[in-house]
Amino acid sequence: MAGMPLSFSALLDRPDIWRGDSLNQASAPIVSSGFPALDAGLPGGGWPAGALTEILPAHEGIGELRLLGPALAALSRRGLRLAWIAPPHLPYAPALAAAGIDVARLVIVRTASRKETLWAAEQALASNACGAVLAWLLVRPESAKYAELRRLQIAAEGGRAPAFLFKFPETAAESSPAALRIALESSGGGLAVRIFKRRGTPLTRPILLPAMPPAARGKSSHVDRHTAAAAAARDFPARLVHA
């Protein structure tokens, strides 16, 4: 009956409840990472939509965007916008196109502070106009406060897009409301993905993603770190806005 309380077993079957002794397999929307081994380690089998994911690379340029490339390519093929908030370098259009990402679907947002970055990311998520929102919170020395990250997580929960927040690796020890937190390290030319927070049992071993073929390694960068990037991006069709 409608007025009767739920049984304990029925409560555990709710999609918004997860148990600490098992990997959450809730029916919430996900976006496949494009890596079967990684999908197997992610709750639901892919990047969670409507949730905040923190990515902590050991160093800049380790392959952060190669990790997300297959998912971003799939979203752009569906005609969805990809919001990039405060990327540390100018996106390198040829490499993105080679990865299958439609650069015409990119919306690049430049910000001048941590506060602006978080605000822009929150607005992009709340708009429900993006297929994914990526934000780089790489401004020293002050890190984001828990309350600020909580606002971002709530904004993500109210939308349908996966949200990815790049942070410094030393922030791993800080408390965070993010549903998923991963660290990236190099391993034999590939990536070692360590999932240190997820909705379910802890993952004790890193997930090793395959190394790229040697011929492709020199063309793997998704951002251009050189001052000549402005000339290279002359025909870059992404939308550029300021927060």
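Overview of values
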item	result
Of residues in segment 110-156 being touching a Leu at 6+ places or on another chain (Cβ under 8 Å) and of a type in the set (Asp, Glu), the one farthest from GLU64 (Cα to Cα)	GLU148
Options LEU137, LEU125, LEU149; residue that is buried (at least 16 other Cβ atoms within 10 Å of the Cβ) and in contact with a Gly (Cβ under 6 Å, 6 or more places away or on another chain)	LEU125
Checklist (1) over 29 Å from LEU90 (Cβ atoms); (2) at pLDDT 90 or above; (3) in contact with a Gly (Cβ under 9 Å, 6 or more places away or on another chain) applied to GLY45, failing item	(3)
Scan of segment 90-110 for residues that are in contact (Cβ under 8 Å) with a residue 40 or more places away in the chain and open to solvent by less than 30 Å² (accessible area, probe 1.4 Å), ordered by number	PRO91, ALA93, ALA95, LEU96, VAL103, LEU106, VAL107, ILE108, VAL109
Top-ranked residue of segment 34-71 - restricted to ones that are assigned to a loop (DSSP other than H, G, I, E, B) and touching a Ser or Thr at 6+ places or on another chain (Cβ under 8 Å), ranked as surrounded by the most Cβ atoms within 10 Å (Cβ to Cβ)	LEU42
Any chance ALA132 is at pLDDT 95 or above, open to solvent by less than 20 Å² (accessible area, probe 1.4 Å) and in contact with a Pro (Cβ under 7 Å, 6 or more places away or on another chain)	yes
Extreme residue, least open to solvent (accessible area, probe 1.4 Å), among residues of segment 158-181 that are out of contact with any Leu (no Cβ under 8 Å at 6 or more places or on another chain) and at pLDDT 90 or above	PRO162
All positions within segment 72-89 that are assigned to a helix (DSSP H, G or I), over 24 Å from TRP119 (Cα atoms) and open to solvent by less than 40 Å² (accessible area, probe 1.4 Å)	ALA73, ALA74
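The values are calculated or read from the model by the stated rules, or taken from the named source; none is laboratory data. Computed from a prediction, not measured in an experiment: that's the story for all the values here. Positions of Cβ are backbone-derived with ideal geometry, glycine not excepted, and every protein chain shown enters the neighbour counts. Areas reflect the complete protein model, heavy atoms only, side chains present, ligands, DNA and RNA absent. Shrake-Rupley method; radii C 1.70, N 1.55, O 1.52, S 1.80 Å.
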